[in-house]
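Here's the structure we're looking at; comments come further down.
The values are calculated or read from the model by the stated rules, or taken from the named source; none is laboratory data. Here the structure is a predicted model, which is why all the values come from computation and not from measurement. Note: ideal-geometry Cβ built from the backbone for every residue, glycine included; neighbour counts use all protein chains shown. Accessible surface areas use protein heavy atoms only, side chains included; no ligands, DNA or RNA. Shrake-Rupley method; radii C 1.70, N 1.55, O 1.52, S 1.80 Å.
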Amino acid sequence: MNPSDSGTLAVPGATIYFEVRGEGPLLLLIGGGNSDAAVFRRVAAALAGHHRVVTYDPRGNSRSVLDGPPTDQRVEEHADDAYRLIGHLARRGEPAYVFGSCSGGLIALELTIRHADRIRLTVAHEPPVLSILPDADEHLAIIDEVYRTYRREGMAPALVKLQDLHGGQPAPPLPEVHDNTDYFLSHVIRPFTRFVPDLRALAAVAGQVVWAGGHASRADLVHRPALVLAERFGSTPALFPGGHVGYARYPADFAERLVEVLGTAPGAADRLPGTTGGGR
């Protein structure tokens, strides 16, 4: 399904490109790393029968241009972009469902902490909160080496070193409008992998968060933070088809699972098309 609407939203320091598909409760999909809205094209089309699905290019990626030269990115600023998108596209102030993958999961968590009243349920899919792991120093050193390798030798050798986060496997090719890898390696990977959400504030909204990961990435480093956080907050992670980017490889199955998980939100059965509610 092609977008039923697309546009841009001016935010402090950038202009955000977004697309909208389908009808129903608002669902914001937040991509990770160097991805743009194209990575969600097929899963968004599959979700559009249940939700009004919003996808977008994170600031600095593809069509979401910065007002000035690139600088190191901040999760908090990206969360503010997501909040402004919800405010721009929500109907009558409706709260949104949110799905965030990888660094998009970090954005989704910060968004939920800051604006819990605008969130029905957040699914945080393998957010790379590496600093909470007992062997965090080892993994953060890998990120530093990826960055140094990128500066010394270029993109390809750096991406080989990044495979340590993904079970030693190369990242799969993903749909994208533009290649944002240089920007990701220069300004995103280090600040984002060092970001830790306020855990006390996260505990206060833990009932609005589902921790998630891929069936095929359960042995990978990127899966571990979701397990640690789920245990900390007394929940069980939801498993999704595929690995770290299962939504791109198995869009129909992934969409079916996401609709199922979103249906666990309080009152969700009263809102989703094709379900029966309690008269609201």
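Placing unit charges on C-beta atoms (Lys and Arg positive, Asp and Glu negative, everything else neutral), compute the dipole magnitude of the range 157-242 about its Cα centre in debye, rounded to 20. The partial results should precede the final answer.
Numbers: 7 positive and 7 negative charges, 67 e Å.
For this selection, approximately 320 debye.
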Q. So what's the angle, to the nearest 10 degrees on a 0 to 90 scale, between helix 75-89 and the longest Cα principal axis of the chain?
A. 30 degrees
Q) Just the accessible area per residue of the range 1-157, please: how many Å² with a 1.4 Å probe? A) 36 Å²
Q.
For the pair GLU138/VAL196, report the inter-label distance in nm, with labels modelled 7 Å from Cα in the Cβ direction.
A. 1.8 nm
Q: Starting from the Kirkwood radius over alpha-carbon pairs of the chain, derive D by Stokes-Einstein at 20 °C in a medium of 1.002 mPa s and give it in µm² s⁻¹.
A: 114 µm²/s
Q.
Expected output is a single nm value to one decimal: the length gained when fully extending between ALA10 and ARG218, i.e. 0.36 nm times separation in residues minus the C-alpha distance. What is it?
A. 71.0 nm
Q.
Using a probe radius of 1.4 Å on heavy atoms only, what accessible surface per residue do you get for the range 164-266? Whole Å² is fine.
A. 48 Å²
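How would the range 134-228 be classified by its alpha-carbon gyration tensor: rounded, prolate or oblate, with rounded meaning a/c under 1.5 and the a/b versus b/c comparison settling the rest?
Numbers: a/c = 1.74, a/b = 1.61, b/c = 1.09.
Prolate shape, in that a/c is at least 1.5 and a/b is the bigger ratio.
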Q.
Counting only other residues whose beta carbon sits under 9 Å from that of LEU9, what net charge do I get with K and R as +1, D and E as -1?
A. 0
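Helix-derived [θ] at 222 nm for the chain: sum -39500 (n - 2.57) over DSSP H runs of at least 4, divide by residue count, nearest 500? Intermediate values should be presented prior to the final figure.
Details: 11 runs with 103 residues, N = 280.
Helix-only estimate at 222 nm: -10500 deg cm²/dmol.
Report the local net charge at PRO157: Lys and Arg +1, Asp and Glu -1, summed over other residues whose C-beta lies under 11 Å from its C-beta. Can you show the working numbers first?
Working: positive: ARG148, ARG151, ARG152, LYS161; negative: GLU145, GLU153.
Local net charge: +2.
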Q: Run the dipole for the chain about the Cα centre, Lys and Arg Cβ at +1, Asp and Glu Cβ at -1, nothing else charged, and hand back the magnitude in debye, nearest 20.
A: 560 debye
Q: Determine how many Å³ per residue the convex hull of the Cα atoms of the range 1-117 encloses.
A: 91 Å³
Q) To the nearest 10 degrees, how steep is helix 251-262 against the longest Cα principal axis of the chain, on a 0 to 90 scale? A) 60 degrees
